[in-house]
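Accompanying notes for the structure given below.
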Amino acid sequence: MYKIIGSPLTRAFRVIWCMEELGLEYDLVSAKPHSPEILDLNPSGKVPALIVGDDIIFDSTAICQFLADKHGALTHKAGTIERAHQDSWTHFALDEVDGPLWTAAKHTFSYPEELRCKEAKPAAKFEFDRAIKALEIRLGDKPFVTGDTFTLPDLILCHCANWAQFGTKWPIPEGKAKDYFNRIRQRPAYKETIRILKK
Ligand SMILES: N[C@@H](CCC(=O)N[C@@H](CS)C(=O)NCC(=O)O)C(=O)O
């Protein structure tokens, strides 16, 4: 049995969604960043973490990629050109989409107040908007970033879009990217994860 440490309001959402996509059983142990529960496992105090037997894995993307590889879904096979494109999209999602969202969050609530810089937020929004434009161009008319199959970077990008639209209040303009996110939000596993979040 897998055990996810973190709350659905954090990047643990990605791991819960991934478990739901894969039809896996798991326990969810709610823990806030820097709480004693997570500090016991992860010295950086960051969530999520996944407990697998006697092992602990940190980082939502590493956890999801491990689950996808192990259970043979949501991913192309390592060593294929399709996987290289998939990994390129995963890094795009983390560097260019998650990155500016996290910068804005750090300068809003995460850093100690004296280190927050209000000019950082418009710069992060500029970077985010540029990434959404790049996403539209790279996506083209494909249903998902690597083609016809839903893979891990689609899940990470959609989680980031939720974070932007509903958390940071950075709207996604009408167009291919918005349609893409709305299409992904029709997935039953996504809807189940939202149900868990709202519990
Ligand atoms: N790259 C990591 C980032 C983890 C992370 O920063 N998590 C946030 C909550 S979503 C956190 O624990 N923040 C506390 C901190 O940065 O000190 C992942 O994807 O899991």
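Observations, loosely collected:
- Ser60 vs. criteria of a type outside the set (Phe, Trp, Tyr) and more than 21 Å from Pro153 (Cα to Cα): no
- Out of Lys121, Lys70, Lys77, sole residue that is in a loop (DSSP other than H, G, I, E, B), over 19 Å from Leu157 (Cβ atoms) and over 18 Å from the mean Cα position of the chain (by Cα): Lys77
- Residues that are in a strand (DSSP E or B) and touching a residue at least 40 places away in the same chain (Cβ under 8 Å), drawn from region 43-60: Ala49, Leu50, Ile51, Val52
- Taking the listed residues Thr108, Thr90, the one that is within 22 Å of Phe126 (Cα to Cα), in the same structural domain as Ala131 (by TED's automatic domain parsing), away from the ligand (no atom under 12 Å from the Cβ) and in a helix (DSSP H, G or I) is Thr108, with no other qualifying.
- Residues in region 155-181 that are more than 21 Å from Pro122 (Cα to Cα), free of Cβ contacts under 8 Å to residues at least 40 places away in the same chain and under 16 Å from the mean Cα position of the chain (by Cα): Cys158, Phe181.
- The residue that is nearest to His107 (Cα to Cα), among those in region 183-195 that are more than 16 Å from the chain's Cα centre (by Cα) and loosely packed, with under 14 Cβ neighbours inside 10 Å, is Arg195.
- Residues (under 20 Å from Gly72 (Cα atoms) and within 16 Å of the ligand (Cβ to nearest atom)) located in region 5-25: Arg14, Val15, Ile16, Trp17, Cys18, Met19
- Scoring Ile4 on the criteria (1) surrounded by fewer than 14 Cβ atoms within 10 Å (Cβ to Cβ); (2) farther than 30 Å from Glu127 by Cα; (3) at pLDDT 95 or above leaves a single failure, condition (1).
- Output for region 158-199, where each listed residue is of a type in the set (Gly, Ala, Ser) and within 26 Å of Leu28 (Cα to Cα): Ala161, Ala164, Gly167, Ala189
- Qualifying residue in region 147-159 (condition: in a helix (DSSP H, G or I) and more than 30 Å from Lys198 (Cα to Cα)): no
- Residues of region 26-58 classified as near the ligand (Cβ under 8 Å from one of its atoms), within 20 Å of Lys198 (Cα to Cα) and among the aliphatic types (A, V, I, L, M), total: 1
- Residue, modelled with the highest pLDDT, within region 8-40, restricted to residues that are in a loop (DSSP other than H, G, I, E, B) and in contact with a strand residue (DSSP E or B) (Cβ under 7 Å, 6 or more places away or on another chain): Leu24
The values are calculated or read from the model by the stated rules, or taken from the named source; none is laboratory data. Please read these numbers as outputs of a predicted model, since none were measured by experiment. In this analysis, Cβ positions are derived from the backbone assuming ideal geometry, glycine residues included, and neighbour counts consider all displayed protein chains.
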